[in-house]
1. Would you mind working out the magnitude of the charge dipole of the stretch 320-387 relative to its Cα centre, with +1 at each Lys and Arg C-beta and -1 at each Asp and Glu C-beta, to the nearest 20 Debye?
2. With both bridge residues required to lie in the chain, what share of the DSSP beta bridges run antiparallel, to the nearest 5%?
3. Name the residue farthest towards the positive end of the dipole of the chain from the options 85, 35, 244, assuming +1 on Cβ of Lys and Arg, -1 on Cβ of Asp and Glu, about the Cα centre.
4. Could you work out the helix-only [θ] at 222 nm for the chain, with each DSSP H run of four or more residues adding -39,500 (n - 2.57) and the total divided by the number of residues, to the nearest 500 deg cm²/dmol?
5. Could you state the angle between the C-alpha long axis of helix 18-29 and the longest principal axis of the C-alpha atoms of the chain, as a value from 0 to 90 degrees rounded to the nearest 10?
6. So, how do all the Cα-to-Cα distances of the stretch 1-153 break down into 10 Å bins, in percent, from 0 on up?
7. Relative contact order for the chain using alpha-carbon pairs under 8 Å, separation at least 6, rounded to a whole percent?
8. Residue by residue through the stretch 114-119, which ³J(HN,Hα) values in whole Hz follow from phi under the Karplus form 6.51 cos²θ - 1.76 cosθ + 1.60 (θ = phi - 60°), with glycine and proline marked x?
Amino acid sequence: MPAATLPVTSAPLAAPTPGAAMHALMERLYPICRSLTGNGVRQTLAILREYLPALRVHEVPSGTPALDWTVPAEWNIRDAWVKNAAGERVIDFRQHNLHILQYSTPVHGWFSRQELEDHLFSLPEQPHLIPYRTSYYQPNWGFCLSHQQRQQLQDEYYEVCIDSTLDEHGTLTYGELVLAGTSEEEVLLSCHCCHPSLANDNLSGLVVATFLARELARTPRRYTYRFVFVPGTIGSIVWLSRHQDTVGLIRHGLVLTLLGGAGHFTYKQSRRATAEVDRAMALVLRDAQVPHALRPWLPYGYDERQYCSPGFNLPVGCFSRTPFGEFAEYHTSADNLDFVAPEQLAESLSVLEALCLTLESNRTYRNLQPYGEPQLGRRGLYKGVGGGQEGADWQLALLWVLNLSDGQHSLLAIAEQAALPVPLLHRAAVALEGVGLLHAS
């Protein structure tokens with residue numbers, strides 16, 4: 001009889017790590033030409049809905065008043081180029097979407113080299129990189145190019161074409177996802193969806209927010225989590241103008257940006273400086289034992305400026321790695337897919353998951369046996385043999401929680417004083433509550 005032939009099977013493919021999965025999403029989003037408004041934002045949010053089916057997309061008509069601002073005309077671009085006398089494209093939007101000055105008005109005609117010069121943007125100090133430049137609120141047109149490329153423009157005349165539209169009857173588009181918790185109190189997580197091909201700024205915030213939302217959707221939640229994907233500045237202003245009656249529900253908030261590049265973590269405090277989210281992030285970064293910096297409030301930066309404006313004064317900080325403007329690749333073509341590492345995205349996600357766990361765990365308790373130290377041994381919470389250091393952190397956690405649970409100290413406050421992580425203190429509090437020694441206020 002012929003020998004039996006065993007079926008050939010391939011080993012199952014390993015699931016991608018969170019960092020690799022986030023980087024793969026970034027690769028899909030990177031080529032899209034996003035701006036404050038337009039089809040690039042819609043295309044981006046449509047891809048995010050594959051990951052977050054409950055994501056709602058909102059369209060706000062151009063001309064709509066929003067606080068002290070007005071929703072701008074919708075901008076879209078099909079093509080843009082500069083041709084030399086031989087008809088060759090010497091600047092080509094199709095080669096890199098950073099080549100166009102964002103919100104450029106349409107133009108087609110011949111220009112002298114000197115006339116063209118007034119509409120070119122380059123970086124003499126970084127001659128091989130294309131800068132990212134915008135003209136959202138001042139009508140203009142222009143091209144961004146490497147300085148090396150600019151120096152090669154030697155013809156007397158050039159043909160210029162920018163095939164763009166500015167539609168006064170268009171809309172501004174943003175996305176919003178609400179993950180309901182047992183409480184109506186909210187955690188706001190905000191990121192930008194408006195930059196073109198810039199990987200760290202701001203696609204990293206976009207993909208980390210997406211995967212954080214997926215993770216939170218799988219776990220029980222006390223807080224309601226609200227994720228907003230908005231174009232910079234005008235997007236958060238529009239969102240705030242449409243939620244003035246409900247922003248009082250926001251207990252904690254973060255703007256997420258620049259989370260995939262190199263460098264240590266940076267947390268910029270909210271305007272309140274000592275909001276619960278400010279203190280929680282400081283503890284999470286402390287306990288993660290990663291290099292980090294805590295910075296005070298500054299009314300300059302990302303959308304935390306809008307959330308923390310004095311009329312709202314929401315407890316919203318900004319979480320990033322190296323801050324904007326402090327790395328050489330910022331707002332240039334060097335902020336590409338190679339600049340962002342999957343491991344750095346994964347580490348950012350891990351810190352944010354720890355922050356959410358800390359916020360969820362934070363409670364204030366009251367010791368029901370405050371006169372003297374309760375006997376923990378007969379309640380099964382203390383080691384049977386004394387004298388050693390086994391389980392010292394656990395024993396300390398029990399004692400710290402008992403001692404400071406006077407109805408005035410939250411677990412966050414205890415963690416700050418005891419130098420112990422909130423999750424450990426929370427486990428201790430749950431154990432003490434389970435034997436009737438604590439009651440949550």
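1. Values: 6 positive and 9 negative charges, 205 e Å.
Here the size comes out at about 980 debye.
2. Values: 41 of 64 bridges.
Antiparallel: roughly 65 percent of the beta bridges in the chain.
3. Value: 244.
4. Numbers: 12 runs with 127 residues, N = 441.
Roughly -8500 deg cm²/dmol at 222 nm, from the helical runs in the chain.
5. Its long axis makes an angle of about 20 degrees.
6. Values per bin, smallest distances first: 9, 27, 26, 18, 9, 5, 3, 2, 0.
7. On the way: 875 pairs, mean separation 70.1, N = 441.
Relative contact order for the chain comes out at 16 percent.
8. 5, 5, 5, 4, 5, 10
Computed from the coordinates by the stated procedures, all read-outs in this text should not be read as laboratory data. Remember, it's a predicted structure, so these values are computed and weren't measured experimentally. Note that we place each Cβ from the backbone using ideal geometry, even for glycine, and neighbour counts take in every protein chain shown.
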